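What follows is one structure encoded as structure tokens, with my remarks underneath.
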Amino acid sequence: MTNLITIDYIYYLVGIIVAFVAFRIARNPEHPSRVGSALFWGLFAVTLIFGKVMPNLLTGYLVLVMVIIAALGKVKASPEKEHPQEEREAHAARIKGKIFLPALLIPIITVIGSFTLNKIHFGHFNLVDPEMVTLIALGLSAIIALFVAKSLTKASYSVPINEGSKLMEVVGWSMILPQMLSALGSIFAQAGVGDVVSKMVGDVLPTQYAFVSVAAYCIGMALFTMIMGNAFAAFAVITGGIGLPLIVHMHGGNPAIMAAIGMFAGYCGTLMTPMAANFNIVPAMLLDLKDRNAVIKAQIPIGIPLLVINILLMYFLVYRF
């Protein structure tokens, strides 16, 4: 069976958008870091568009160059002029709450597409790649939402291109952090970091007690998420190193309950780390807050009690069902 729409097409489209950001910066003589920023976004576009045909080693070198550019502080946003207040208020009064419709359509269409698109066939052709149906549905829903937004606002096609470019520049290097941390989690899992963590926990803590194993797992998920910035990345390492050998195999815990609550414990770490840049740093950048850690400081008093609750919840549920 041949797939008509694959995830590659979504990556190509994203790569073209990112390439436009690089082109827009390169043409702006007033940009505060014209060369560095254009090079960063240009390399990112190359990895998205040509990543499938390039050698993996070359892609890795390009990513390292991007990291060096970002570490040197050469990825900056262009100085942009805001539209007049009266113009923005007039648009808000005209469109009102309908402005949220495109954003709401994205998850709705993604869910519907995830359950239906992989069932559409034309002879020997699948409409979409069934193994990537959710990501493809997400990409298609974003495209549909774009056209709905254009219809609502009556804006020209240049508006979403320019405004999207401005937003990506403001978010900056942190936009690629989730992907890089996820890749790092896979590398840690392949390198056997989970086994090292398991041995360290077993040597230091009395894991023969069921509660200690649960506490070690939940706290490990939170701490590793704080380091990795991504609970999904931490899940593979900590579950393989602590959750399965101690909670499931040693004490007979329910793996489904352990995994579900374990992810919640990881999200507690997400609330308390700058490494989760898309949740904690990007909002501060978009709101132009003076304290870039203001979001984290506000979330710590919530994250710690939630972690304690998750530990207790897992202990009372995972060994009883």
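Numbers below:
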item	result
Condition broken by HIS91, with the remaining ones in (1) open to solvent by less than 100 Å² (accessible area, probe 1.4 Å); (2) part of a helix (DSSP H, G or I); (3) modelled with pLDDT of 85 or more satisfied	(3)
Of all residues in region 20-33 being open to solvent by 40 Å² or more (accessible area, probe 1.4 Å) and touching a helix residue (DSSP H, G or I) at 6+ places or on another chain (Cβ under 6 Å), the one that is nearest to GLU163 (Cα to Cα)	ARG24
Top-ranked residue of region 240-256 - restricted to ones that are closer than 12 Å to SER198 by Cα and without any contact (Cβ under 8 Å) to a residue 40 or more places away in the chain, ranked as surrounded by the most Cβ atoms within 10 Å (Cβ to Cβ)	GLY243
The listed residue being small (Gly, Ala, Ser), surrounded by fewer than 18 Cβ atoms within 10 Å (Cβ to Cβ) and part of a helix (DSSP H, G or I), out of ALA284, ALA260	ALA260
Tally, over region 113-160, of residues that are under 18 Å from LEU4 (Cα atoms) and not aliphatic (A, V, I, L, M)	18
Qualifying residue in region 70-84 (condition: among the β-branched types (Val, Ile, Thr), out of contact with any strand residue (DSSP E or B) (no Cβ under 9 Å at 6 or more places or on another chain) and at pLDDT below 90)	yes
Failed condition for GLY60, given (1) in contact with a Leu (Cβ under 8 Å, 6 or more places away or on another chain); (2) without any contact (Cβ under 8 Å) to a residue 12 or more places away in the chain	(1)
Checklist (1) out of contact with any helix residue (DSSP H, G or I) (no Cβ under 7 Å at 6 or more places or on another chain); (2) open to solvent by 90 Å² or more (accessible area, probe 1.4 Å); (3) part of a helix (DSSP H, G or I); (4) of a type outside the set (A, V, I, L, M, F, W, C) applied to LYS98, failing item	(1)
Any chance ILE49 is under 30 Å from ALA137 (Cβ atoms), in a helix (DSSP H, G or I), of a type outside the set (D, E, K, R) and open to solvent by less than 80 Å² (accessible area, probe 1.4 Å)	yes
Residues (touching a residue at least 60 places away in the same chain (Cβ under 8 Å) and not β-branched (Val, Ile, Thr)) located in region 168-182	MET168, GLU169, GLY172, TRP173, SER174, MET175, LEU177, PRO178, MET180, LEU181
Those residues of region 70-88 which are touching a residue at least 40 places away in the same chain (Cβ under 8 Å) and in a helix (DSSP H, G or I), in sequence order	ALA70
Region 288-321, residues that are of a type in the set (Val, Ile, Thr) and within 25 Å of the chain's Cα centre (by Cα)	VAL295, ILE296, ILE300, ILE302, ILE304
Scan of region 200-211 for residues that are open to solvent by 70 Å² or more (accessible area, probe 1.4 Å) and in a helix (DSSP H, G or I), ordered by number	MET200, ASP203, VAL204, PHE211
Verdict on PHE235 being assigned to a helix (DSSP H, G or I), under 22 Å from ILE304 (Cα atoms) and at pLDDT below 90	yes
Among residues of region 217-232, those that are among the hydrophobic types (A, V, I, L, M, F, W, C), surrounded by 24 or more Cβ atoms within 10 Å (Cβ to Cβ) and modelled with pLDDT of 85 or more, counted	4
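The values are calculated or read from the model by the stated rules, or taken from the named source; none is laboratory data. Bear in mind the structure is a predicted one, so any value in this text is a computation, not a measurement. So basically every Cβ, Gly included, is an ideal-geometry build from the backbone, and we count neighbours across all protein chains shown. When the accessible area is computed, the model is the full protein with side chains, heavy atoms only, and any ligands, DNA or RNA have been set aside. Shrake-Rupley method; radii C 1.70, N 1.55, O 1.52, S 1.80 Å.
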